[in-house]
């Protein structure tokens, strides 16, 4: 059997792995590439095999860098099952159509304003493609083994990253002894709000481990303290705080912490604006999936609205969003996308960045080439909708709010393995991060580890 790395090599985006045996082809994740232009262009490139020749897809979780390419696969003729956890199934119901709508809206806006280099600008896929992909989804509970393809079975184990996120254990029989392969997906941090800790690494022969923060450790500070200080300082100078955030995961964690800070009187009672078409749906899914709650979240859910979503103002439609973005009164704004690659947060950034009273708060990893990364790196101008915008606002980062484990936590997770695997493949990280984690695995754990290259194929 062989494994081909079709994405998430040298980058944190575009997760895609093709497992081929003598009897089956199985794709684990089919995510979109984001960031630099040369990465985004890969989204338009065909897979190395025909879509209709793939027997099944197994999805680790519902972020677009892991499932955002599924509508393309369906459009290209794939008709097999897409296996997902129950939480990921529910997330996909709005993530994929929303991804299609955002691309259609951005293409239409580019055509109206004339800033696209393509004439006309066109979306990568449309909502019909997304609906076609959704019809192929099959849902499974955690720790419920299921058949994937001839000779291949799978099991989802909670990963603690977002609702529905899972480590995938594949057991493959291909003419010899069974081979067990674990795909980590995105590994959540330990002791984070809402979600449980990642499940222990099961016994396996090979493991693919993410390395988003493979070269750094999160600061040992309470994110509540940083969040309270940033909001209070910004409001005192008459500014707004805008938080680019993934609609699933980060938005709910920020709401959870804002609720705590408001109840404790640690921040001024300013309006909280959640401007993301799918954030309300995502929050309902998070609350509904108790299997993805830690003990504190379960206790809060029993006592009322744990994420206090009803306190938030939700602008209606694109026009309502643009009107909200033009507001000047102090407020906390949470809007997608988390790396400012697109979506409604761009309207807020274009309006708020030139004013030094405002603050842009980054709360998660920002991939190279994204607007979020450029802000993090201190660039003084940012191109938004074809125009250069001055960056005079304060830009802050709270790493501890990331939904990814850091280097120490990734090693902690790997150490839970009952026995060392034969090989560890370090993926889903920028080159420096992947190399650093690979070195740490070799040095600290004594395991054989490697960083695969894009399109590399290995025999298992």
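The values are calculated or read from the model by the stated rules, or taken from the named source; none is laboratory data. Worth saying up front: this structure is predicted, and the values here are computed from it rather than measured. Note that each Cβ is placed from the backbone with ideal geometry, even for glycine, and that neighbours are counted across all protein chains shown.
Within the stretch 34-85, being out of contact with any helix residue (DSSP H, G or I) (no Cβ under 8 Å at 6 or more places or on another chain), part of a helix (DSSP H, G or I) and surrounded by fewer than 24 Cβ atoms within 10 Å (Cβ to Cβ) holds for 37, 38, 39, 40, 41, 42, 44, 52, 53.
Restricting the first residue to the stretch 67-94 and requiring it to be more than 26 Å from residue 143 (Cα to Cα), which pairs with a second residue that is at pLDDT below 95 and outside any helix (DSSP H, G or I) meet a Cβ separation below 6 Å and a spacing of at least six or different chains? Matching pairs, first to second residue: 71/125; 72/125.
Exactly one residue out of 329, 350, 344 is modelled with pLDDT of 90 or more and touching a strand residue (DSSP E or B) at 6+ places or on another chain (Cβ under 6 Å): that is 350.
Before we move on, is residue 280 in the same structural domain as residue 242 (by TED's automatic domain parsing), surrounded by fewer than 15 Cβ atoms within 10 Å (Cβ to Cβ) and either touching a residue at least 12 places away in the same chain (Cβ under 8 Å) or under 21 Å from residue 90 (Cβ atoms) (or both)? Walk me through how you get there before you give the answer.
Values: in the same structural domain as residue 242 (by TED's automatic domain parsing): yes; surrounded by fewer than 15 Cβ atoms within 10 Å (Cβ to Cβ): no; either touching a residue at least 12 places away in the same chain (Cβ under 8 Å) or under 21 Å from residue 90 (Cβ atoms) (or both): yes.
No.
The residue that is farthest from the chain's Cα centre (by Cα), counting only those in the stretch 419-435 that are surrounded by fewer than 20 Cβ atoms within 10 Å (Cβ to Cβ) and not in a loop (DSSP other than H, G, I, E, B), is 423.
Consider residue 261 carefully, then state whether it is modelled with pLDDT of 90 or more, closer than 21 Å to residue 193 by Cα and over 23 Å from the mean Cα position of the chain (by Cα).
Spelling it out, residue 261 is indeed modelled with pLDDT of 90 or more, closer than 21 Å to residue 193 by Cα and over 23 Å from the mean Cα position of the chain (by Cα).
When the stretch 26-64 is filtered for residues that are over 25 Å from residue 246 (Cα atoms) and free of Cβ contacts under 8 Å to residues at least 12 places away in the same chain, only 45 remains.
Scanning the stretch 253-269 for residues that are over 18 Å from residue 222 (Cβ atoms) and touching a residue at least 24 places away in the same chain (Cβ under 8 Å) yields a single hit, 268.
Within the stretch 1-29, the set of residues being touching a helix residue (DSSP H, G or I) at 6+ places or on another chain (Cβ under 7 Å), closer than 17 Å to residue 152 by Cβ and surrounded by 24 or more Cβ atoms within 10 Å (Cβ to Cβ) comprises just one member, 29.
Among the candidates 56, 24, 8, the residue that is in contact with a strand residue (DSSP E or B) (Cβ under 6 Å, 6 or more places away or on another chain) and on the phi > 0 side of the Ramachandran plot is uniquely 8. Inside the stretch 353-372, can you point out the residues that are out of contact with any strand residue (DSSP E or B) (no Cβ under 9 Å at 6 or more places or on another chain) and either surrounded by 21 or more Cβ atoms within 10 Å (Cβ to Cβ) or under 30 Å from residue 431 (Cα atoms) (or both)? 367, 368, 369, 370, listed by residue number.
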